[in-house]
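Worksheet: the structure to be examined is printed underneath.
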Amino acid sequence: MGWRRAGLLVAVGAVTVACNAAAYHAVALSADQLAGQWRSGEGTVLTFHANGSFTSDGVARLSAAERCGDRSDLSSGSWHFGSVVDEPVDRGAYLQLTFSGADCRVPVFLFGEADDPVMCPTVGDPDVGCEYDEYLSRVTLAASP
């Protein structure tokens with residue numbers, strides 16, 4: 001019985017390690033909580049504004065951007081919570097980035113705690129997670145009016 005239990009613990013540990021996003025749980029943020037600068041370990045920077053716009057630097061390096069046909073201008077665009085633009089959602093753990101300079105949309109999942117969230121741009125499945133250096137952490141909050 002001891003070996004069976006030990007085997008189960010090892011299997012559970014392997015699943016947790018294998019799933020990048022398993023260490024985090026989804027966190028719903030408001031537009032004000034999302035607003036500010038976010039940075040990845042590889043140097044990608046996204047700056048979100050509460051009005052639904054964003055600017056970016058280095059997004060073309062993200063594996064989630066590989067689906068974008070033309071990655072030459074992924075420097076700005078709009079964002080919204082949820083999967084449908086017309087769906088009025090004022091907070092969420094999922095958002096969609098729509099780039100202005102290219103016909104490209106990138107889904108993003110939010111994980112962690114409201115005061116220490118991380119962002120994972122991915123191909124659409126939160127269980128896939130992100131590469132370690134592609135998670136974005138909030139660097140600064142936007143200034144309050």
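The values are calculated or read from the model by the stated rules, or taken from the named source; none is laboratory data. Quick caveat: nothing in here was measured; it's all calculated off a predicted structure. When we count neighbours, we look across all protein chains shown, and the Cβ atoms used for this are built from the backbone with ideal geometry, even at glycine. Quick note on the areas: whole protein, heavy atoms, side chains included, nothing else; ligands and nucleic acids left out. Shrake-Rupley method; radii C 1.70, N 1.55, O 1.52, S 1.80 Å.
Only one residue in Ala60, Ala65 is open to solvent by 30 Å² or more (accessible area, probe 1.4 Å), part of a helix (DSSP H, G or I) and within 19 Å of Cys130 (Cβ to Cβ). Which one?
Being open to solvent by 30 Å² or more (accessible area, probe 1.4 Å), part of a helix (DSSP H, G or I) and within 19 Å of Cys130 (Cβ to Cβ) holds for just one of Ala60, Ala65, which is Ala60.
So for the range 104-111 (the condition being farther than 17 Å from Leu29 by Cβ and open to solvent by 40 Å² or more (accessible area, probe 1.4 Å)), does at least one residue qualify?
Within the range 104-111 (the criterion being farther than 17 Å from Leu29 by Cβ and open to solvent by 40 Å² or more (accessible area, probe 1.4 Å)), the answer is yes, since at least one residue qualifies.
In this structure, is Gln33 in a helix (DSSP H, G or I), within 15 Å of the chain's Cα centre (by Cα) and at pLDDT 90 or above?
On the way: in a helix (DSSP H, G or I): yes; within 15 Å of the chain's Cα centre (by Cα): yes; at pLDDT 90 or above: yes.
Considered against the rule, which asks whether it is in a helix (DSSP H, G or I), within 15 Å of the chain's Cα centre (by Cα) and at pLDDT 90 or above, Gln33 comes out as yes.
Out of all the residues in the range 40-56, which are surrounded by fewer than 16 Cβ atoms within 10 Å (Cβ to Cβ) and at negative phi?
If the condition is that a residue be surrounded by fewer than 16 Cβ atoms within 10 Å (Cβ to Cβ) and at negative phi, then Gly41, Glu42, Val45, His49, Ala50, Asn51, Ser53, Thr55 are the ones that fit.
Out of the range 112-129, which residues are within 20 Å of Phe99 (Cα to Cα) and either outside any strand (DSSP E or B) or hydrophobic (A, V, I, L, M, F, W, C) (or both)?
Those that are within 20 Å of Phe99 (Cα to Cα) and either outside any strand (DSSP E or B) or hydrophobic (A, V, I, L, M, F, W, C) (or both): Met119, Cys120, Thr122, Val123, Gly124, Asp125.
Scan (1) touching a Lys or Arg at 6+ places or on another chain (Cβ under 7 Å); (2) free of Cβ contacts under 8 Å to residues at least 12 places away in the same chain for the single condition Thr47 breaks and write down its number.
Answer for Thr47: the failing condition is (1).
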